[in-house]
Amino acid sequence: MSSPSQPPRSALVAKLTRPVARPLAATYRWVDERMGISDLTHQLLYEAVPRRGAWSYSLGSATLIIIVLQIVTGMFLLWTYVPSTTEAWESLNFIEHHDEFAAIVRGMHLWGAYVLLFVIGLHMIRTFVSGSYKKPRELNWIVGVILFLLVLGLGITGAMLPWDQAAYWTATVVTHVVDYIPFFGNWTQEILRGGPQMGPETLTRFFAIHIWLLPALLVPLIGLHLILLRRHGEHGSWVNYEGVESETEGERATRMAEAEYPYPAVPSDPGYAVPMDLDDFFPSQVFKDATVSFVLVLIIFVMAVVVGAPLERAANPAALNYVPTPEWFFLPLDQLLVQFPQAWMIPVGVFVLPGIGTTLLMLVPFLDRSPEREPWRRPEVMVPALFAILFLIFEALLAVNRLFNL
Amino acid sequence: MTPPTLVAAASPHLVAIPISTGMATALVALLMLTHIQFAAFQQGGYIILAVTDFIGWKGKDARKDRFSKGLVTVLGATFAFGSTLAIFATLILFLGLWSQFFVELVRIMFWPLIVEAIAFVGEIICLYTLYSQWDKLGRVRPLRVGLELLLFINASIQMLAINVVASYMLTPRPSNSLALNLLNPTEIPLELHRFVGNIAFDGAMIALVGGIRLLLAKGPEGKAYGDWIGHYGLVYAVGFTIAQPLIGWEYAKEIQLHAYASWYSMMLGGLSVAFLFQVFLLGAIFTVGIFYLWRRVRASGFRAPTLAVCAALSFASWLLIATPSSLAWSYEDVVAANANVPIWQGGLIIPWGQMIPFKLVALIVFTGVAIVAVTVYLKHVSKGELRWGDAGRGQAAALITVAIAISLMMALMGYIREHSRAPFLITDKVLINQQQNFNPPSSAGPALDGPAGVGIIMPWDSGP
Ligand code: HEM
């Protein structure tokens with residue numbers, strides 16, 4: 001669209017491009033009349049977002065972009081990868097030695113997963129600190145927690161697919177630990193392994209879980225997350241609501257009346273339905289989102305080229321002295337497991353404590369129901385969360401220490 | 001390089017320092033324990049300085065600005081004294097009294113010590129720039145906070161380097177690989193333990209200043225400031241101590257795996273008495289600390305039933321389970337009482353790491369109760385319920401008590417760590433009684449790990 005303030009295009013350029021531009025524009029109009037692309041784009045791009053703290057709101061879209069990257073690189077990997085215990089390792093070994101492009105794609109899939117888990121963690125911390133889970137966004141927080149669990153699931157199932165030593169023994173440990181689930185342990189173990197022992201079916205099952213079961217849950221849930229986000233509008237962070245407590249009724253009413261789409265958020269704690277200062281999603285927020293996502297994708301690419309993805313020797317069930325090391329995002333859990341020296345206590349470490357942690361995480365919006373958004377006025381959630389995060393970091397570091405010194 | 005013993009033997013004109021092994025050990029210990037208190041104060045202080053200056057700037061809080069300026073002045077002075085102690089320790093005590101150990105250590109740890117020396121220079125530059133240009137730098141606040149962070153990083157690098165040395169002495173790797181020796185089994189646990197502990201210790205020292213100021217304050221303004229300082233320090237002191245039992249537990253586990261004799265002596269043998277005293281001190285820190293939190297809220301006229309319950313719980317577990325009389329003195333006593341069987345068979349042993357339950361129960365109670373107490377207290381603070389200046393002499397005494405307990409705790413930990421290796425200075429490698437250069441290695445002692453003075457371990461060297 002051209003606006004009056006735009007400088008006129010050079011006549012020469014216009015003349016030169018006309019033969020291409022005209023039919024293109026006509027085609028676009030034809031399609032648009034039938035599909036309403038312009039309307040849709042307008043609807044998607046033109047909304048208000050909070051102005052302050054906007055860089056931190058780009059973590060959600062960065063997560064989204066990396067998930068898309070994972071889907072694309074995953075599709076490319078499927079061109080070569082063979083999901084069978086006899087050929088999975090061979091096919092990746094072939095990539096590593098004879099197909100540079102695919103090796104980079106494989107590296108991007110691995111580093112993409114690492115960066116994704118990191119960024120999703122930051123996104124969670126940011127929405128937690130800013131109190132974004134509060135009324136009316138409680139359900140979106142819960143959807144977020146489920147998304148996080150699904151991404152973790154994708155991470156662990158993906159680690160098993162190369163069927164090298166690391167993959168095989170990770171799969172062995174994971175399916176062994178599952179056996180500790182009270183009552184259903186054996187049953188779940190057999191479902192995952194495809195029988196009482198590890199075997200060809202085990203890989204087939206983890207492959208199926210990784211490439212369709214979890215994505216089939218993930219993609220619609222991301223859709224729901226975004227629909228809910230659009231419905232309530234971005235809450236942003238507490239800095240956008242400074243002074244709501246001292247506002248007069250009149251001031252608040254004016255703010256509500258003048259609210260731009262998609263605000264005001266309903267239902268809402270009084271004062272928090274509309275951020276104080278708004279900005280346009282396009283181009284302001286889109287620019288920030290694009291910048292952050294671009295930098296992250298660049299990091300993923302560089303790591304893929306420089307470090308790549310490891311491939312150990314092919315799986316060897318007879319190599320009993322092999323010590324599997326978990327992926328870094330499971331290190332805290334691995335260390336937690338070591339705290340329980342007796343076999344009968346293992347379920348406490350693997351299921352009870354993480355289960356309590358996950359349940360508490362889901363219940364955060366219902367445990368912290370005050371309208372207060374400022375983090376230092378919410379010590380009741382901030383202090384325990386700080387300890388929880390420190391605990392996870394400490395456990396991970398101690399796990400590194402232990403594994404390095406085995 | 002020729003080993004120092006040989007130098008002494010070959011050069012009769014070199015006079016040995018006429019001091020007994022026991023005296024030498026006591027001197028080194030005294031100096032090192034004092035030095036550690038200063039070093040911990042610096043490293044923990046820098047991060048508290050950066051955090052306080054930052055939140056003072058963002059929150060436009062004049063009290064925090066005043067505090068930051070005071071803290072930087074103190075840190076400048078304590079640094080001067082503390083580093084003099086360190087240099088004295090290295091030049092005179094280590095080289096003079098423990099020369100074998102020192103030469104061997106420098107051979108293995110040459111590179112970490114070089115890194116430490118460089119970071120020491122970095123610390124001097126940052127600290128004295130801040131010290132002398134505080135107000136001017138205040139005009140460019142991000143720069144000042146950045147410099148404070150840099151200062152903290154420099155001190156942390158030094159702590160890392162010295163932790164590598166200290167942990168190596170307890171759990172050395174039988175190898176010439178620098179990487180393996182750097183990341184030896186107790187390096188990370190010690191790092192975490194000290195990192196958290198230093199902040200707690202600093203908080204305690206700040207609380208001490210607050211307590212003394214409260215007692216000595218003349219006018220309401222001085223009292224309000226002392227009250228606030230005390231509260232501010234105590235939150236760091238108790239808050240960070242909460243993480244210590246867990247980290248300490250995992251640290252002990254690595255020692256159990258990699259230096260069993262030391263672990264045995266600490267947990268079950270002769271030093272377990274010192275460990276009982278340590279649990280007792282921890283009980284004092286938490287109980288008196290939580291008592292302060294409760295009374296401080298009450299002093300401003302608000303009821304705080306949860307804090308009262310926390311204080312009572314902590315007190316009960318302190319009295320009932322964290323006193324030496326409630327705990328088996330040592331494992332030998334447990335065995336002598338035929339109590340070294342599982343608790344469900346009438347014994348004292350719980351499955352959790354085959355431990356005697358009291359210590360563990362006390363640690364769990366203290367940790368849980370303290371998390372709740374700090375959270376509830378901060379909620380009162382965030383609601384603006386506390387008026388600074390309301391605190392009385394009781395709270396001042398509590399602040400001072402917590403500070404003394406934490407300081408004693410640090411010294412005790414140092415004592416335990418250094419004694420747990422006995423008779424070694426470096427586990428399985430260097431004996432304490434091999435130290436004096438007039439005192440040749442006893443035939444009963446183990447040989448040094450390779451001939452001493454063979455050469456510095458380089459980053460590219462690998463084991464064994
Ligand atoms: C597949 C993973 C996820 C994707 C693609 C995703 C995407 C997004 C996007 C694009 C936004 C808006 C921009 C922003 O505020 O950052 C958002 C907001 C939000 N997300 Fe996520 N997210 C994911 C996971 C999570 C998780 C794990 C949680 C928390 C447990 C979470 C909780 C929230 C909340 C509460 C908001 C609203 C923020 C506000 O309004 O201030 N999300 N998400």
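Between Rg and the Kirkwood Rh of region B:1-184, both from Cα atoms, what is the Rg to Rh ratio? Rg divided by Rh gives 1.08.
The trypsin sites (Lys or Arg not before Pro) of region B:26-82 that DSSP puts in a loop, and whose beta carbon has at most 16 other beta carbons within 10 Å, are B:Lys60.
The alpha-carbon of B:Lys383 sits under 15 angstrom from the alpha-carbons of these aspartates and glutamates, leaving out residues fewer than 8 places away in its chain: A:Glu245, A:Glu372, A:Glu374, A:Glu380.
Think of a 1.4 Å ball rolled over the protein heavy atoms: chain A then has 54 Å² of accessible area per residue.
Only alpha carbons enter this Debye calculation for chain A, each as an equal point scatterer, and the log10 of I(q)/I(0) it gives at q = 0.09, 0.14 Å⁻¹ is -0.70, -1.32. Enclosing the Cα atoms of region A:145-284 in their convex hull gives a volume equal to 173 cubic angstrom per residue.
The simple Förster model, with R0 at 45 Å and r as the Cβ-Cβ distance, assigns B:Gln133 and B:Ala316 a FRET efficiency of 0.30.
For region A:48-329, the Cβ-based charge dipole about the Cα centre amounts to some 220 debye (Lys, Arg positive; Asp, Glu negative; other atoms uncharged).
Carbon and sulfur atoms: what percent of the 1.4 Å accessible area of chain A do they account for?
After summing per-atom areas, the C and S share lands at 71 percent.
Using a 1.4 Å probe over protein heavy atoms, the accessible area lost on pairing A with B, summed over both chains, comes to approximately 2400 Å².
With an 8 Å Cα cut-off and a minimum separation of 6 or more residues, compute the relative contact order for chain A in percent. It comes to 27 percent, rounded to a whole number.
The calculated 222 nm mean residue ellipticity attributable to helices in chain A amounts to -20500 deg cm²/dmol, summing -39500 (n - 2.57) over DSSP H runs of n ≥ 4 and dividing by all residues. Among the trypsin sites (Lys or Arg not before Pro) in region B:153-227, those located in a DSSP loop and surrounded by at most 12 other Cβ atoms within 10 Å of their own Cβ are B:Lys218. For the listed peptides A:165-172, A:299-306, a ranking on the average number of other beta carbons within 10 Å per residue, highest first, reads A:165-172, A:299-306. With a cut-off of 14 Å between beta carbons, the residues surrounding B:Ala311 carry a summed charge of +4, where Lys and Arg count +1 and Asp and Glu -1. For chain A, hydrophobic long helices are taken as DSSP H runs at least 24 Å long by C-alpha position along their axis with mean Kyte-Doolittle hydropathy of 1.0 or more; these are A:58-78, A:100-129, A:138-160, A:214-232, A:286-306, A:379-404.
Take each residue in A:390-401, count the other chain C-beta atoms within 10 Å of its C-beta, and the mean is 5. Taking the centroid of alpha carbons for each part, region A:231-275 and region A:331-387 are 31 Å apart. Taking Cα centre as origin and charging only the Cβ of basic (Lys, Arg, +1) and acidic (Asp, Glu, -1) residues, the dipole magnitude of the protein assembly as shown rounds to 2000 debye.
Taking the inverse of the mean 1/r over every pair of distinct Cα atoms in the protein assembly as shown gives a Kirkwood hydrodynamic radius of 31.3 Å.
Based on the convex hull around the alpha carbon atoms, region A:28-117 presents an average projected area of 9.6 nm². Ligands, DNA and RNA excluded, the heavy atoms of A:Trp111 present near 50 Å² of accessible surface to a 1.4 Å solvent probe. When you filter the trypsin sites (Lys or Arg not before Pro) in region A:327-398 for DSSP loop state and at most 15 other Cβ atoms inside 10 Å of their Cβ, you are left with A:Arg369.
For region B:365-381, a drop of 50 Å² or more in accessible area on going from the chain alone to the assembled protein chains (1.4 Å probe) is found at B:Thr375, B:Lys379.
The values are calculated or read from the model by the stated rules, or taken from the named source; none is laboratory data. This structure is a prediction, so every number in the text was calculated from the model and none was measured. In this analysis, Cβ positions are derived from the backbone assuming ideal geometry, glycine residues included, and neighbour counts consider all displayed protein chains. Remember, those area values only see protein heavy atoms, side chains included, never the ligands or the DNA or RNA. Shrake-Rupley method; radii C 1.70, N 1.55, O 1.52, S 1.80 Å.
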